[in-house]
Amino acid sequence: MSARHQPFKLSLPLLAAVLFFLFASSCTIVKNYPQGQPFVYRTNINVIGNFTNQERETLASRLKGQLDDSMRSRSVSKVAWSVMKNPPVFQTANADKSIIFMRALLKSLGYFTDTISYHSHTDTAKNNQLQVTTTFDVRPGKVVRIDSFAYNIKQKELQELLVNNKKEALIGKGAPFAKTAISAELDRIVDLYRNNGYMRFGREELIGLWDTLDVSLLKPTFDPLEQAAILQKLKERRQNPTANLEIRLKPGTDSSKLKKYYIGNITVYPDITIDTSNFSRKETVIDDVRVIAYRNMFKPGVIPQSIYFHKGEAYNLKKQIKTINRFNSLGAWRLVSVDNFPRKGSDTADFVIRLTPAKKYSFTANLEGSRNQTAVSGNLFGLAINLGLQNRNFAMAANQSSTNMRFGIEVSNGSLVQTRQFVLSHNIYFPRPIPNTRWIPTKFKDNFRSVLSFNAANTERKDLFNLTTFNASWGYEFQYKNKLFSIRLPNFEYSYLKRRPLLDTLFKYNPSLSNIFTDGFISSIAASMTINGGKNKNINLFRTNMEASGLVAGLVKNKFLDDNLYRYIKVDAEFTRKIVYGKNALALRLFGGVGYELNSTVNPQKKNNLPFFKQYFAGGPNSMRAWRLRRLGPGSVVKPFSGTNGVFERYGDVQLEANAEYRFPLFKIAGVQINGAFFTDAGNVWLLKKNAGLPEEVFQFSRLGKDIAIGSGMGVRIDFDFFLVRLDFSHKVKDPSPTPDKASLQNKWFGYVQKDFFRGTQFQLAISYPFIL
């Protein structure tokens, strides 16, 4: 007898709860409202005209920001409703003031023929509330555009600077006659002059003359043809209003502000304090820079490297700001000031740079936890403590060093410690290329960092293995525009694996595992590139990584390298895109990676796979969320996770993954934003070489459709601004690698829904979003 599916019945209490939620979610509860008086309940802005939806929404939002405070209705969102407190009394005078403010905004945007009106109606609600809804109808009219634009500066060099840089102008013929654009152009002119020596030139030295009147239209004429032409021209001006704009120097400008200045003496105080009377003064001159120190905190030679203006050059504001930003970015100083002192009767100015040191050491400590569970398989709870010590002035050269320690455990069923890990790392960041080669352009040197890293870690997996690793590397980080490059050359890693009895037993029944769980030596070159992009609120991120081990060290013949050296090439790439729709967003991600162990590897145990600590894995809160961490694949293999025949974790030399997540706001609780999400994950991991494992574990294009796993679910994000807590509930839609007891569900669409729903579900708890964006 086959089991019958019972029809779903919606009980009356549940129906009532749903109806209450739908009703409450559209309600606004008003508190402390004026008794017996109409009050502001809702204010709408209706923009009328030939605008796109985006333009209309943007303009309406800006106009709403111009409303008088007494015309604003404010409410706080709760779980399923909103609360309005102390709404203001409605008065027509406040609506009239709002029109004045909105009209000022429209004129600043180039709309000089606007029409604004409003109408309001009063609704009587519960407890005789007199709720007033006001709608402003805004007709901006035609935007006034610039018909002619010119510079008229009565000083030859200043005029030539503007003419030679006219392509950089922010306004021109046909552009809207908007206050913000004209103001931005005036600021550009001031910056242009200050970047070419005119140190004291300011915005107050410029004026803009404009008119919207065509003088020819005022000329009297008795010729009917000319009169008709004038009338036609007047009509065209009403339909397409224009203005003429000319930028000039203000009459009576102080001549000293039109003087071109050059850099004189440069003096730096690298360890400035309030009181220096108890310290001895030490003066050093390096590259025309005089360094005056009191506390011997910094090596004088590191100071001139961060100063971008030099003695004898014309003054340049951009270089001064760049110098300030450079010292601020180093982290060794908390306050930076650059003051100029023009010499009387001269075109030279001396500069004084005062630097207040930051606290040299800082200490951080935090506790983190994670949980990964299923309703049937139990749970895995992780707890870790992180300690960090940062030195902002390592070796007295404004270098930064960080020392971090991490100790974590993972506890499984029965409160048994399954994993114990200890990590110690030390990194030194030099804010310049080392060696400081001359062939690197200055604009690139500014964004260079040299990095020296040391790491040591020990991981104990209960009954399986103890892994000890050491790592040392020298590398560079370089940023140019929206691209970030990183290279580690060389990168040395050594791992020592001490096998426990259970792992030896697993090797006996799963010989291929002995090719994965190996130890040895890595001598590699590792490089990465990250590119940020996108327009408006839409963001793109692309990053790729490459690592090659043994290409050089493999040429050296000795027993240690023959037995221990891994020789492989590993490449992966990831593309993420976030598309914003108002308050909602769609996040998309594609990832692909492959690692190939070269046939030139001497040790036969290392020829078939990458070492497990370099392989890919899927599952967990940041990957295939319907599977536990490292519990998917490889391919379509059907194996248990425990027992002598089991494989406790799954790794691969190839990984493909695609993710889509739709995010939307839900409500606020006590000011904390709660967001929701629907998501789908698809992907898997595979072995690469035919000898690496079973045929169903090895990547083949012909099996790709069968091997791909798919999971879908929904989640909640609790956004505390400074960090985000994520709870995801996901279900296996298509499982290519189930355990043997569920082999009948292999690749069955929604198979777990019919047979074992809870076995196919997975709950994930994590911090931050699953992707970078």
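The values are calculated or read from the model by the stated rules, or taken from the named source; none is laboratory data. Please read all numbers here as calculations on a predicted model, not as lab measurements. All Cβ positions, glycine included, derive from the backbone under ideal geometry; neighbour counts span all protein chains shown. Only protein heavy atoms, including side chains, enter the accessible area calculation; ligands, DNA and RNA are left aside. Shrake-Rupley method; radii C 1.70, N 1.55, O 1.52, S 1.80 Å.
Taking every residue in the range 573-592 that is within 14 Å of Gly534 (Cα to Cα) and free of Cβ contacts under 8 Å to residues at least 60 places away in the same chain and pairing it with any residue that is of a type in the set (S, T, N, Q) and part of a strand (DSSP E or B), at least 6 positions away or on another chain, the pairs with Cβ-Cβ distances below 9 Å are Phe575/Asn540.
Scan Phe723, Phe758, Phe763, Phe771 and give me the residue that is among the aromatic types (Phe, Trp, Tyr) and more than 24 Å from Arg663 (Cα to Cα). It is Phe758.
Matching residues to (1) basic (Lys, Arg); (2) under 20 Å from Gly582 (Cβ atoms); (3) touching a helix residue (DSSP H, G or I) at 6+ places or on another chain (Cβ under 7 Å):
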| site | (1), (2), (3) |
| --- | --- |
| Phe678 | no, yes, no |
| Ala682 | no, no, no |
| Leu687 | no, no, yes |
| Lys690 | yes, no, no |
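Being assigned to a helix (DSSP H, G or I) and either open to solvent by 20 Å² or more (accessible area, probe 1.4 Å) or farther than 29 Å from Ile674 by Cα (or both) holds for only one residue in Leu59, Leu63, Leu162, Leu130, and it is Leu162. The number of residues in the range 604-614 being open to solvent by 10 Å² or more (accessible area, probe 1.4 Å) and in contact with a helix residue (DSSP H, G or I) (Cβ under 7 Å, 6 or more places away or on another chain) comes to 2.
In the range 727-769, the residue that is surrounded by the fewest Cβ atoms within 10 Å (Cβ to Cβ) out of those that are touching a Leu at 6+ places or on another chain (Cβ under 8 Å), farther than 10 Å from Pro621 by Cβ and at pLDDT 90 or above is Pro738. Applying the criterion of at least 3 residues that are open to solvent by 20 Å² or more (accessible area, probe 1.4 Å) and over 18 Å from Asn46 (Cβ atoms) to the strands (runs of 3 or more DSSP E) found wholly in the range 66-125 leaves 75-77, 115-125.
Of all residues in the range 79-93, count the ones that are over 30 Å from Asn675 (Cβ atoms) and touching a residue at least 40 places away in the same chain (Cβ under 8 Å). First the steps, then the outcome.
Initial filter on the range 79-93 (over 30 Å from Asn675 (Cβ atoms)): 88-93.
Subset that is touching a residue at least 40 places away in the same chain (Cβ under 8 Å): 88-90.
Matching residues across the range 79-93 total 3.
All conditions but one from (1) of a type outside the set (Phe, Trp, Tyr); (2) modelled with pLDDT of 85 or more; (3) open to solvent by 70 Å² or more (accessible area, probe 1.4 Å); (4) assigned to a helix (DSSP H, G or I) apply to Pro13; the one that does not is (2).
Taking the residues in the range 301-358 that are hydrophobic (A, V, I, L, M, F, W, C) and open to solvent by 60 Å² or more (accessible area, probe 1.4 Å) as candidates, determine which candidate is nearest to Ser255 (Cα to Cα). Looking at the filtered set, the residue picked out is Phe341. Checking each residue in the range 133-154 for being open to solvent by 20 Å² or more (accessible area, probe 1.4 Å) and more than 43 Å from the chain's Cα centre (by Cα) picks out Asn152, Lys154.
Taken as a whole, the condition of being over 24 Å from Thr576 (Cα atoms), of a type in the set (A, V, I, L, M, F, W, C) and within 24 Å of the chain's Cα centre (by Cα) does not apply to Val638. Contact map, the range 47-74: residues that are touching a residue at least 24 places away in the same chain (Cβ under 8 Å) and over 30 Å from Asn86 (Cα atoms) paired with residues that are open to solvent by 40 Å² or more (accessible area, probe 1.4 Å) and outside any helix (DSSP H, G or I), Cβ distance under 8 Å, separation 6+ or inter-chain. Pairs shown: Ile48/Arg139; Gly49/Arg139; Gly49/Gly141. Any residue in the range 334-347 that is at pLDDT below 95, closer than 30 Å to Asn386 by Cβ and within 30 Å of the chain's Cα centre (by Cα)? Yes, that holds for at least one residue.
Per-residue answers, yes or no, for (1) aliphatic (A, V, I, L, M); (2) within 26 Å of Phe648 (Cβ to Cβ); (3) part of a strand (DSSP E or B); (4) modelled with pLDDT of 90 or more:
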site: Asn491; (1), (2), (3), (4): no, no, yes, yes
site: Ser495; (1), (2), (3), (4): no, yes, yes, yes
site: Lys498; (1), (2), (3), (4): no, yes, yes, yes
site: Leu503; (1), (2), (3), (4): yes, yes, no, no
site: Lys508; (1), (2), (3), (4): no, yes, no, no
site: Phe521; (1), (2), (3), (4): no, yes, yes, yes
site: Ile525; (1), (2), (3), (4): yes, no, yes, yes
site: Lys537; (1), (2), (3), (4): no, no, no, no
site: Thr544; (1), (2), (3), (4): no, no, yes, yes
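Every residue, every condition in (1) of a type in the set (Ser, Thr, Tyr); (2) open to solvent by 20 Å² or more (accessible area, probe 1.4 Å), yes or no:
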{"site": "Gly582", "(1), (2)": "no, yes"}
{"site": "Phe591", "(1), (2)": "no, yes"}
{"site": "Tyr616", "(1), (2)": "yes, no"}
{"site": "Gly620", "(1), (2)": "no, no"}
{"site": "Arg631", "(1), (2)": "no, yes"}
{"site": "Pro634", "(1), (2)": "no, no"}
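Contact list please: Cβ distance under 7 Å, first residue in the range 320-333 and under 17 Å from Phe351 (Cβ atoms), second residue of a type in the set (A, V, I, L, M, F, W, C) and part of a helix (DSSP H, G or I), pairs at least six apart or on different chains. These pairs meet every condition: Trp333/Phe327. Among residues of the range 257-286 being open to solvent by less than 30 Å² (accessible area, probe 1.4 Å) and under 23 Å from Asn316 (Cβ atoms), the one that is nearest to the chain's Cα centre (by Cα) is Pro270. Looking at (1) part of a loop (DSSP other than H, G, I, E, B); (2) in contact with a Phe, Trp or Tyr (Cβ under 6 Å, 6 or more places away or on another chain), find the lone condition where Ile274 falls short. Looking at each condition in turn, Ile274 falls short on (2).
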